[in-house]
Amino acid sequence: MRELGIGIIGTGFMGKAHAFAYRGALAAFPDIPVPRLEMIADVTAEAAAKAAHQYGFARSTADWRTLVNDPRIDVVSITTPNTFHKEMVLAALAAGKHVHCEKPLSPTLQDSAEMVKAAEARGVVTQVGYNYIKNPLLKLARDMIAAGELGEITGFRGIHAEDYMHDSESPYTWRLDPSGGPGVVADLGSHIIGMARFLLGPIAEINADIRTIVPSRPVAPGSKERKQILVDDVARMLVNFERGCGGSLEATWVNTGRKMNLAFEVTGRKGSLVFDQERFNEIHFFRAGGDSRQAGFTKIEAGPQHVPYGAFCVAPGHQIGFNDLKTIEMSEFLRAIGEGKRSSPDFREAYEIQKVVETAVSSSKQRQWLKIA
Ligand SMILES: NC(=O)c1ccc[n+]([C@@H]2O[C@H](COP(=O)([O-])OP(=O)(O)OC[C@H]3O[C@@H](n4cnc5c(N)ncnc54)[C@H](O)[C@@H]3O)[C@@H](O)[C@H]2O)c1
C-alpha cells in the first residue's frame, strides 16, 4: 500500500490534533494511504524534539523550510498562527507537497486568492481545517436538507460563541494581532460561515455589525502595561443565501460561560433541525404534521449507522470526540491524495469562506447590505 510521508509545522493545540489524527487514521480507515510520521517543526529545537518523541515522528527541526523541502515528505500540515500560513503554504506548494492548512486560510482575501492560484497551478491536493463539518451528523443534516425532509428551507440561525477572551485581563496573544486577520469574525466566524455554506450553499449578501468589546489588554500575563485591541470581539451578521432563504450568523469569543457553542437551527416548512457542538453526538429533528399531541423534537443519537462513526466505535450512543473529527478530516485528505481527487473543504472553499468574512467587515464599516462578490 502507498505510503505518504507526513510533516507538521507547529506543535500547539492544532499541531497535537493533527498528530493524533495522522496517528489514528489508519486504525480507523484501513483503505487510506499509510501515513508515515516523518518530521515535525516548531520555533525551538527543544519544542520540536519533544513533540517528535511524544507523537512518534522520526525527525524534528527548528527550521520549517527544512521540513517543507525534505524529499521524504509528501504532505505538509500547517498549524501555526494565521500570519505564517501564506509563506509556509507557498513554500510547501513550491516544493510540490500536498498541503493541509489550518483555518482561516489567511489573514486577507488577497492572500487566500494567491494561495488558491498557486495550489491549483501545482495540481496538488489541499485541505483547510474546518473539522466540525466532518461530524457524521452534519452529513446527515446536509443529506436531509438536500432530500427535502425539511421541505422548503425558510431560515438559518447560526452561532459560534466561546468565552476565551471574555476576561479583559486575559493577555494579548497572536489571535489579537491584526496582521493575522480581523478578529473573531475570521477566527470563529469562519467556522459558522463554513457550516452554513456546507448545509445550505452559498451566501449571496450580508449585513454585519462587528464590534470590539474589550478596548485594551495586558501585553503579557500579569503585566500592568496594556495594548490597544484593534481586532473585533463580536460579529453579528444578517445573511441571505443564494437559494433564497435568509438567516443570521453570530461569532463571539466574549460570551461568558460558553465553551463550544457552535450551533445552528435550520427551519423548513416540513421540519427543523437543531444542533449544538457542545453535545455534538446528537441532533434534534422536528417533523411537522401528524398528531399534534405527540409533536416534538426527536433526539437522533450518533451511532454506526452514521458513517463513519463505526470506524471509531461499534456501539451507538457511546460517542466520538473532537480528535475523531480531526481523524475523519485527515483520512479524507489522505484518501483524496491516494485517489488523485480533490478533497473538501479545499483552499478554494476556504477562499469562498474568507470572501464572506471580508464582505462582513466591509458591510459593518459601511453600515449597509453588501453582495458577496
Ligand atoms: N480547526 C480548528 O478547530 C482550530 C482550532 C484552534 C486553532 N485553529 C487554527 O490553528 C492555527 C494554530 O492555532 P493553535 O491554537 O494551534 O495555536 P497555538 O498557539 O497553540 O500553536 C501554534 C504553534 O505554532 C508554532 N509556531 C509559531 N511560529 C512558528 C514558526 N515560524 N515555525 C514553526 N512553528 C511555529 C508555535 O510555537 C506553536 O507550537 C491557527 O490558524 C488557528 O486559527 C483551528
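Structure above, values below:
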{"read-out": "Members of the stretch 41-78 that are touching a residue at least 24 places away in the same chain (Cβ under 8 Å) and touching a Leu at 6+ places or on another chain (Cβ under 8 Å)", "value": "Ala41, Tyr55, Gly56, Phe57, Ile73, Asp74, Val75, Val76"}
{"read-out": "Subset of the stretch 173-194 that is aliphatic (A, V, I, L, M) and touching a helix residue (DSSP H, G or I) at 6+ places or on another chain (Cβ under 6 Å) - its residue that is nearest to the ligand (Cβ to nearest atom)", "value": "Ala186"}
{"read-out": "Selected residue [in a helix (DSSP H, G or I) and surrounded by fewer than 21 Cβ atoms within 10 Å (Cβ to Cβ)] from Gly296, Gly338, Gly289", "value": "Gly338"}
{"read-out": "Lone unmet requirement of (1) part of a loop (DSSP other than H, G, I, E, B); (2) out of contact with any His (no Cβ under 7 Å at 6 or more places or on another chain); (3) among the hydroxyl-bearing types (Ser, Thr, Tyr) for Thr256", "value": "(2)"}
{"read-out": "Qualifying residue in the stretch 50-57 (condition: within 9 Å of the ligand (Cβ to nearest atom), within 20 Å of Ala118 (Cβ to Cβ), assigned by TED's automatic domain parsing to the domain that holds Gly24 and modelled with pLDDT of 95 or more)", "value": "no"}
{"read-out": "Residue check, Lys371 surrounded by fewer than 18 Cβ atoms within 10 Å (Cβ to Cβ) and either of a type outside the set (D, E, K, R) or touching a residue at least 12 places away in the same chain (Cβ under 8 Å) (or both)", "value": "yes"}
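The rows are residues; the columns are (1) assigned by TED's automatic domain parsing to the domain that holds Gly271; (2) over 30 Å from Gly310 (Cα atoms).
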| residue | (1), (2) |
| --- | --- |
| Pro81 | no, yes |
| Phe84 | no, yes |
| Thr108 | no, yes |
| Ser112 | no, yes |
| Ala119 | no, yes |
| Thr126 | no, no |
| Ala147 | yes, no |
| Ile153 | yes, yes |
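Residue-wise test of (1) assigned to a loop (DSSP other than H, G, I, E, B); (2) hydroxyl-bearing (Ser, Thr, Tyr); (3) under 20 Å from the mean Cα position of the chain (by Cα); (4) over 23 Å from Asp276 (Cβ atoms).
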residue: Ala186; (1), (2), (3), (4): no, no, yes, no
residue: Gly194; (1), (2), (3), (4): no, no, yes, no
residue: Ala204; (1), (2), (3), (4): no, no, no, yes
residue: Asp209; (1), (2), (3), (4): no, no, no, yes
residue: Val214; (1), (2), (3), (4): yes, no, no, yes
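The values are calculated or read from the model by the stated rules, or taken from the named source; none is laboratory data. Quick caveat: nothing in here was measured; it's all calculated off a predicted structure. Cβ coordinates were reconstructed from backbone atoms using ideal geometry, including for glycine residues, and neighbour counts include every protein chain displayed.
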